[in-house]
Amino acid sequence: MFDDPSVLKTEAGEATIDEQAPQQPPLEEEVAAANARADENYAKFLLAVADFDNYKKRMQRDFDSLVSSRRRMLLERFLPVLDNLERALQSNADGETLRGGIEQTLRGFEALLAGEGVKAVVVKGKPFDPRVAEAIGTSASSGEADDTVVAVAEKGYTLGDELLRPAKVIVAKTSDE
């Protein structure tokens, strides 16, 4: 039949209302509790947004510091090469001694770049590859196959697996006369 826990039946079968039955809180209290939870969640949201903003600022500072430090280290490695060039210009050496000093400075630059992972792209005598070289001219073929690199005007370089600068080359072509 009717099984409401707030209604008790007496022995005589009379129904009475249990005074200790749970009563629902007024609607205003529910709204106030919901508003309190909403305010608490909004405060947590604002805190999370502020934390994230601080995190972004801290990461940007760390990144800027890292870039600055790395730039400084690289530039410090260039200074001895610059010193060698200045000494070469100040010397009263003959042509052969001056050439030797400039070659030594060139080797210093090459070693510095190699230490940074920069390598020259070898293209002379190989088939032209537009991914690593830029053709700036052609030359009449004298025994080389067409589209073979016969001269390098400017070396190309890679940084790891990435092309830093393409080589500028002269490519062999059969003359169509």
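The values are calculated or read from the model by the stated rules, or taken from the named source; none is laboratory data. Values in this document were obtained by computation on a predicted structure and should not be read as measured data. All Cβ positions, even for glycine, are placed from backbone atoms using ideal geometry, and neighbour counts span all protein chains on display.
The one condition from (1) under 18 Å from Ala167 (Cβ atoms); (2) in a loop (DSSP other than H, G, I, E, B); (3) of a type in the set (A, V, I, L, M) that Ala145 does not meet is (1).
Pairs meeting the criteria (first residue in the stretch 152-166 and touching a residue at least 40 places away in the same chain (Cβ under 8 Å), second residue polar (S, T, N, Q) and in a strand (DSSP E or B), beta carbons under 8 Å, at least 6 apart or on different chains) are Leu164/Thr158.
Quick one: which of Glu96, Glu110, Glu30, Glu76 is modelled with pLDDT of 85 or more, assigned to a helix (DSSP H, G or I), of a type outside the set (Phe, Trp, Tyr) and loosely packed, with under 10 Cβ neighbours inside 10 Å? Give the steps one after another, and end with the answer.
Working: Glu96 fails: modelled with pLDDT of 85 or more; Glu110 fails: loosely packed, with under 10 Cβ neighbours inside 10 Å; Glu30 fails: loosely packed, with under 10 Cβ neighbours inside 10 Å.
Answer to the check: Glu76.
Among the listed residues Gly125, Gly143, identify the single one that is surrounded by fewer than 12 Cβ atoms within 10 Å (Cβ to Cβ) and free of Cβ contacts under 8 Å to residues at least 24 places away in the same chain. Spell out the reasoning first.
Numbers: Gly125 fails: free of Cβ contacts under 8 Å to residues at least 24 places away in the same chain.
Every option except Gly143 fails the conditions.
Residues in the stretch 113-130 that are in contact with a helix residue (DSSP H, G or I) (Cβ under 9 Å, 6 or more places away or on another chain) and either of a type in the set (D, E, K, R) or at pLDDT below 80 (or both): Glu116, Lys119.
When restricted to residues that are among the β-branched types (Val, Ile, Thr) and closer than 25 Å to Leu113 by Cα, the stretch 130-166 contains 4. Can you find a residue in the stretch 55-71 that is of a type in the set (Asp, Glu), closer than 28 Å to Leu164 by Cα and assigned to a helix (DSSP H, G or I)? Yes; the residues of the stretch 55-71 include at least one that is of a type in the set (Asp, Glu), closer than 28 Å to Leu164 by Cα and assigned to a helix (DSSP H, G or I).
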